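A.B. asks: Dumping the structure here so I can ask a few things about it.
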Amino acid sequence: MSKTKFSKQSIAASLLLLLCAAFSSFAQNTATLSISGEVTTPLELKSADLASFKQVSHKVKDRDGKEHEFSGVALIEILEKAGVTTGAKLRGENLAKYLLISASDGYEVLYSLAEIDPDFTDQVILLATTKDGQPLANGEGPFRIITPNDKKPARWIREVRSIKVAFAK
Amino acid sequence: MKNFLKTVLTNRPGWLKVSLVCAVFISCGLIQSFRAKNAEPYVLQYPANFGSRFVIPEGNPITKEGIYLGRLLFYEKALSANNNISCESCHQQKLAFTDGKAFSTGTDGSLTARNSMSLANLLWVRNFFWDGRSPGLEDQAKFPLTDPHEMGQPLSESARKLNNTTLYPPLFAKAFCSSVITEDQILKALSQFERTLISAGSNYDRYLAGNYQPTAQQFRGMQLFESGPDPKSGIRGANCGHCHGGVKTFKELFHNNGLDSVATDIGREQFTGQSTDRARFRVPTLRNIMLTAPYMHDGRFSTIEQVLDHYNAHIQQSPTLSAFLQDISNDPGGKNLALTKDEKADLTAFLGMLTDSLFTTNPAFSNPHPVLNP
């Protein structure tokens, strides 16, 4: 009897330990990107999850005035994976949908869905994860938006933490 | 169904209870619709260039009665465990609702963990406190009211104490439909008052409206504040506006502004659990900054000159130091801002333009209780 009690305790203790371990690894942080709002499948992505997508890259001039090669995934592919109304479905009221992209420092920028959709534009907006072959540094990564046709890089938002799809109300 | 009716009819006391509850419910509904006519809606006044990106919770519309009640509560010491402090103790109007101390003293004499914050233009704040851990004023107010280092009293006890006064029950009845004061109503009234604390009457606001001519020094300071340094093009700057800019001198951002290489207070990380948020704090408003010393989340700087020296030459490196404070300099290839003594004086002159004495003397924000022992 007392034996089972003991093992119950030890199970509880080891569970607690596991929980602590899980928690501290969370604190160690592998930052995630969440896609939510008007989606059929909300997503929580880590950089590693993006490896299964087709890789795209852009050579563009950044704020520092120098050219860099950013690589990652076309933003539209992520939206399609989340079941956002793109392509043929991007019509009618869906044209009043937008993306609110937020960074971990609280910075926010907005894109309309049509700005991102290949039926509307040839520009491929990138969710970048590397710069000149290196993972994006702290303060810039792990995810950054690159919009080559924007003359001013103010919407090339760094440290992207969430993308929310919503209707303009 | 038959059985149910039978129990309702035979179980008299239960039936009585149900009908009583119904009666209260219905009459309150009546009073509620009556209140719409009775409690006067209040229209917030603010300059158009502040924008209207704020949300007033649906369940807490601002009324004149609610604001007045909130103002009484803001100055009410009965809300503290030892009846010795109110919100005002740490948020004094003449100091733009700060207290001039690095850390504030709570009801039991212990110190707060962080520096008291100015309460100006809270209407536009979306994540409250230095670490942004609270999503709204109604939620925020619970912390100072119950925190043992602040007012240290359970909300239920606060409601009980107010219910036992002669002053408050009729005022709550007028502002909210109820004869019993609830915890929620205390939070709502305080929030209504706080939403009216709008600072928009500084010389800077007058300048933006075309009604004030800055001195040459203030003007140079403003230019420096807003510009990023670009030594190649001969542009000198302090880049403050990147984080503190805009007409409200407030952008809701969280940054590590290089106070320490190893932080003792991990700031936003404590709330988000993300190590990339270590020692990030909310960029505070610079409104009335000349009145709100000492500065930073721990009140480590007692003068604006010390703050400017920090940004100019003492930024501490760490893995989460803001990218906007790295490799920016007025010297080609320089490692720090390298502002001159005169430029720092110019910046100080500009910051002085943010003092709003209409705000710090507005009678609508002052203590409404009769002061018995002046």
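The values are calculated or read from the model by the stated rules, or taken from the named source; none is laboratory data. Remember, it's a predicted structure, so these values are computed and weren't measured experimentally. Don't worry about glycine lacking a Cβ; one is built from the backbone with ideal geometry, like all the others, and counts go over all protein chains shown. For the accessible areas, the whole protein counts, side chains as well, though only heavy atoms, and no ligand, DNA or RNA atoms are used. Shrake-Rupley method; radii C 1.70, N 1.55, O 1.52, S 1.80 Å.
A.B. asks: Identify the residue in the range A:133-149 that is more than 14 Å from chain B (Cβ to nearest Cβ) and without any contact (Cβ under 8 Å) to a residue 40 or more places away in the chain and, among all such residues, is least open to solvent (accessible area, probe 1.4 Å).
C.D. replies: A:T147
A.B. asks: Something else: For the range A:35-54, which residues satisfy the criterion of being surrounded by 12 or more Cβ atoms within 10 Å (Cβ to Cβ) and out of contact with any strand residue (DSSP E or B) (no Cβ under 6 Å at 6 or more places or on another chain)?
C.D. replies: Once the filter is applied, which keeps residues that are surrounded by 12 or more Cβ atoms within 10 Å (Cβ to Cβ) and out of contact with any strand residue (DSSP E or B) (no Cβ under 6 Å at 6 or more places or on another chain), the range A:35-54 yields A:K46, A:D49.
A.B. asks: Here is a list of conditions, (1) at pLDDT 85 or above; (2) open to solvent by less than 40 Å² (accessible area, probe 1.4 Å); (3) within 13 Å of another protein chain (Cβ to nearest Cβ); (4) at positive phi, and A:G83 meets all of them except one; can you say which number that is?
C.D. replies: For A:G83, the failing item is (3).
A.B. asks: Take the residues of the range A:86-101 that are within 29 Å of A:G141 (Cα to Cα) and either open to solvent by 20 Å² or more (accessible area, probe 1.4 Å) or outside any strand (DSSP E or B) (or both): which is farthest from the other protein chains (Cβ to nearest Cβ)?
C.D. replies: Of the residues in the range A:86-101, the ones within 29 Å of A:G141 (Cα to Cα) are A:86-87, A:97-101.
Subsequent filtering for residues that are either open to solvent by 20 Å² or more (accessible area, probe 1.4 Å) or outside any strand (DSSP E or B) (or both) retains A:86-87, A:98, A:100.
Values: A:T86: 28, A:G87: 32, A:Y98: 15, A:L100: 12 Å.
Result: A:G87.
A.B. asks: If I go through the range B:282-327 residue by residue, how many of them are under 13 Å from B:N257 (Cα atoms) and within 11 Å of chain A (Cβ to nearest Cβ)?
C.D. replies: Within the range B:282-327, residues that are under 13 Å from B:N257 (Cα atoms) and within 11 Å of chain A (Cβ to nearest Cβ) number 11.
A.B. asks: Search the range B:328-347 for residues being more than 17 Å from B:C243 (Cα to Cα) and open to solvent by less than 30 Å² (accessible area, probe 1.4 Å), and hand back the single one that is nearest to the other protein chains (Cβ to nearest Cβ).
C.D. replies: Residue satisfying both the conditions and the ranking: B:G334.
A.B. asks: Kindly indicate the residue of the range B:236-249 that is within 14 Å of chain A (Cβ to nearest Cβ) and closer than 20 Å to B:D331 by Cβ and also nearest to the chain's Cα centre (by Cα) among those meeting that condition.
C.D. replies: Only one residue fits best here, namely B:H242.
A.B. asks: What's the number of the only condition in (1) crowded, with 19+ Cβ neighbours inside 10 Å; (2) in a strand (DSSP E or B) that A:V109 fails to meet?
C.D. replies: The one condition A:V109 does not meet is (1).
A.B. asks: Further question: Can you tell me which residue in the range B:105-132 is farthest from the other protein chains (Cβ to nearest Cβ), limited to those that are free of Cβ contacts under 8 Å to residues at least 24 places away in the same chain and either in contact with an Asp or Glu (Cβ under 6 Å, 6 or more places away or on another chain) or surrounded by 17 or more Cβ atoms within 10 Å (Cβ to Cβ) (or both)? Spell out the reasoning first.
C.D. replies: Of the range B:105-132, the ones free of Cβ contacts under 8 Å to residues at least 24 places away in the same chain are B:105, B:109, B:128.
Then drop every residue that is not either in contact with an Asp or Glu (Cβ under 6 Å, 6 or more places away or on another chain) or surrounded by 17 or more Cβ atoms within 10 Å (Cβ to Cβ) (or both), which leaves B:105, B:128.
On the way: B:T105: 31, B:F128: 13 Å.
Among those residues, the one meeting the criterion is B:T105.
A.B. asks: Let me ask something else about it. For the range B:224-234, enumerate the residues that are open to solvent by 70 Å² or more (accessible area, probe 1.4 Å) and either closer than 18 Å to B:I289 by Cβ or not assigned by TED's automatic domain parsing to the domain that holds B:V307 (or both).
C.D. replies: Step one: filter the range B:224-234 for residues open to solvent by 70 Å² or more (accessible area, probe 1.4 Å), giving B:226, B:232-233.
B:E226 - this is the single residue of the range B:224-234 that is open to solvent by 70 Å² or more (accessible area, probe 1.4 Å) and either closer than 18 Å to B:I289 by Cβ or not assigned by TED's automatic domain parsing to the domain that holds B:V307 (or both).
A.B. asks: In this structure, is B:I67 hydrophobic (A, V, I, L, M, F, W, C) and either touching a strand residue (DSSP E or B) at 6+ places or on another chain (Cβ under 7 Å) or over 22 Å from B:D184 (Cβ atoms) (or both)?
C.D. replies: So B:I67 fails the test.
A.B. asks: Yes or no: A:K152 at pLDDT below 95 and either more than 14 Å from every other protein chain (Cβ to nearest Cβ) or over 30 Å from B:A279 (Cβ atoms) (or both)? Walk me through it before giving the result.
C.D. replies: Values: at pLDDT below 95: yes; either more than 14 Å from every other protein chain (Cβ to nearest Cβ) or over 30 Å from B:A279 (Cβ atoms) (or both): no.
No.
A.B. asks: Separate question: Can you confirm whether the range A:133-155 contains a residue that is hydroxyl-bearing (S, T, Y) and part of a strand (DSSP E or B)?
C.D. replies: no
A.B. asks: Let me ask something else. List the residue pairs whose Cβ atoms are under 9 Å apart, where the first residue sits in the range B:250-270 and is farther than 25 Å from B:N288 by Cα and within 12 Å of another protein chain (Cβ to nearest Cβ), the second is of a type in the set (D, E, K, R) and part of a loop (DSSP other than H, G, I, E, B), and the two are 6 or more positions apart or on different chains.
C.D. replies: Pairs that qualify, where the first residue is farther than 25 Å from B:N288 by Cα and within 12 Å of another protein chain (Cβ to nearest Cβ) and the partner is of a type in the set (D, E, K, R) and part of a loop (DSSP other than H, G, I, E, B), are B:I266/B:D131; B:I266/B:R278; B:E269/B:D131; B:E269/B:R278; B:Q270/B:D131; B:Q270/B:R133.
A.B. asks: Do you know which residues across the range A:112-132 are within 25 Å of A:A48 (Cα to Cα), open to solvent by less than 20 Å² (accessible area, probe 1.4 Å) and not acidic (D, E)?
C.D. replies: A:I116, A:I125, A:L126, A:L127, A:A128
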